[in-house]
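Take a look at the structure below.
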Amino acid sequence: MLGVGIVGCGMIARFHVRALNDIPGTRVVAVFDQIPASAAKLQQENREQWNIQCDTAPDLDTMLKRKDVDIIIITTPSGSHMEPAVAAANAGKHVVVEKPMEITKERCDRIIDACDKNKVQLCTIFPSRFGDANVAMKAAVAAGRFGRLTLGETTCKWWREQSYYDQGGWRGTWALDGGGALMNQAIHNVDLLLWMMGDVIQIMGFTAMLAHERIEVEDTAVAALRFKNGALGVIQATTSIWPGYPKTIAIHGDQGSAVIEQDDLLRWDFKTPKPDDDAIRQRFAQKVGASGGSSNPAAISHIGHARQLTDFVESIQNKRAPLVDGREGRKAVEVILAIYASGKSGKPVELVGG
């Protein structure tokens with residue numbers, strides 16, 4: 001039995017609790033929040049809704065000293081992930097960090113280095129990678145079915161009411177949110193695009209705050225990308241479009257194209273057909289009925305979290321790297337920061353790592 005401690009008891013912590021409830025061999029044993037009432041509320045919900053008996057830790061050090069805690073899941077505001085992650089790694093705990101891993105490359109690197117030094121596993125939460133349609137698209141890319149990749153596109157045309165930003169003191173701030181529509185919402189899209197298309201070498205971006213008040217960050221962003229393989233790409237990210245639409249990703253090449261909207265396959269067209277293509281179209285053409293958070297941040301499924309946390313548990317048991325480790329989590333942050341830098345300077349940004 002792997003014991004889990006959760007640091008940060010806001011909305012997203014509930015998705016982790018539901019996900020862990022689906023994973024045999026795991027148990028939430030303790031929760032902690034800087035606001036004790038938040039931890040107490042989650043503890044009560046765990047008991048009443050899921051029959052999970054867990055403790056509230058008075059502080060992080062107390063949680064990390066517990067021998068029955070093997071994994072620490074960090075769901076604090078984005079700009080405060082590093083401190084508990086490094087402390088957990090130094091205490092010999094395996095570390096799960098919600099997206100984004102952190103809001104600067106340097107803070108991401110400190111988490112990665114601490115986990116490497118202490119030989120503990122680290123993953124960044126990107127549940128979209130575990131969606132069935134996305135897995136099928138990735139397999140088609142790996143099989144070379146698109147031929148030469150020419151264009152990758154992703155959109156996150158979402159809507160957030162002004163109250164969304166007003167209710168949380170950290171939301172919409174550079175210090176703790178690390179950015180707006182790109183860093184908070186569309187980072188899932190950015191990760192998927194990089195996973196499908198590979199590394200980026202050049203970025204040109206534009207950002208603006210158009211539909212909200214009293215926030216420091218962007219609610220609308222677009223970017224043009226050049227990938228290492230020569231293909232081009234486009235990212236659109238907003239929380240400014242009413243009523244909000246499901247996210248999309250499209251991969252194109254000289255031998256095929258595929259388009260996914262949320263978890264639904266809209267296009268699956270290849271120059272050289274395969275026998276299972278019709279079955280794939282039929283399987284993923286059915287509407288799943290979920291908005292994916294396009295207008296309501298709570299309207300997402302916990303299934304992706306459950307699949308990713310299952311992979312993480314198996315990585316611990318089998319002593320292998322998780323499918324989305326810390327270095328993978330860092331890539332999306334690097335690209336988003338480059339979009340911000342380009343938007344600020346009005347010039348393209350080169351990515352040396354690409």
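Values in this text are rule-based calculations from the coordinates and carry no lab data. All values reported here derive from a predicted model rather than from experimental measurement. Backbone-built Cβ (ideal geometry, glycine too); neighbour counts: all protein chains shown.
So here's what we get for this one:
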item: Net charge over other residues, Cβ less than 14 angstrom from the Cβ of Val234 (K, R count +1; D, E count -1); result: +2
item: Computed helical MRE - 222 nm, the chain, DSSP H runs ≥ 4 contributing -39500 (n - 2.57), nearest 500; result: -11000 deg cm²/dmol
item: Cα shape, the range 204-354, gyration tensor, a/c 1.5 rule; result: rounded
item: Under 16 Å from the Cα of Lys319 - aspartates and glutamates, other chains or at least 8 residues apart; result: Asp70, Asp116, Asp311
item: Dipole of the range 61-192, positive direction: furthest Cα of Met63, Phe130, Met101, with charges on the beta-carbon; result: Phe130
item: The range 83-195: C-alpha gyration tensor shape, a/c 1.5 cut-off, then a/b vs b/c; result: oblate
item: Contour excess over end-to-end distance, with Cα ends at Lys65 and Gln255 and 0.36 nm allotted per residue; result: 62.9 nm
item: Greater than 29 Å apart at Cα, pairs in Lys65/Lys99; Lys41/Lys331; Lys228/Lys347; Lys65/Lys138; result: Lys41/Lys331; Lys65/Lys138
item: 18 Å Cα-Cα reach of Lys157 towards lysines, excluding residues that sit fewer than 8 places from it in its own chain; result: Lys247
item: Inter-label distance for Arg281 and Ala211, nm, one decimal - labels placed 7 Å from Cα along Cα-to-Cβ; result: 3.3 nm
item: Spin-label pair Val135/Leu323, simplified geometry with 7 Å Cα→Cβ offset, distance in nm; result: 0.5 nm
item: Square roots of 5 times each gyration tensor eigenvalue, C-alpha, the range 213-292, largest first, Å; result: 30, 20, 6
item: Amide H contacts under 5 Å for Gly180, placed H, 5+ residues apart; result: Glu218
item: Cut-off 15 Å between beta-carbons: net charge of the residues surrounding Gln34, Lys and Arg +1, Asp and Glu -1; result: -3
item: Ranking of Glu261, Glu161, Glu106, Glu98 by count of other Cβ atoms within 10 Å, fewest first; result: Glu106, Glu161, Glu261, Glu98
item: Total charge dipole magnitude, the chain, about the Cα centre, Cβ charges on Lys, Arg, Asp, Glu only, Debye to nearest 20; result: 600 debye
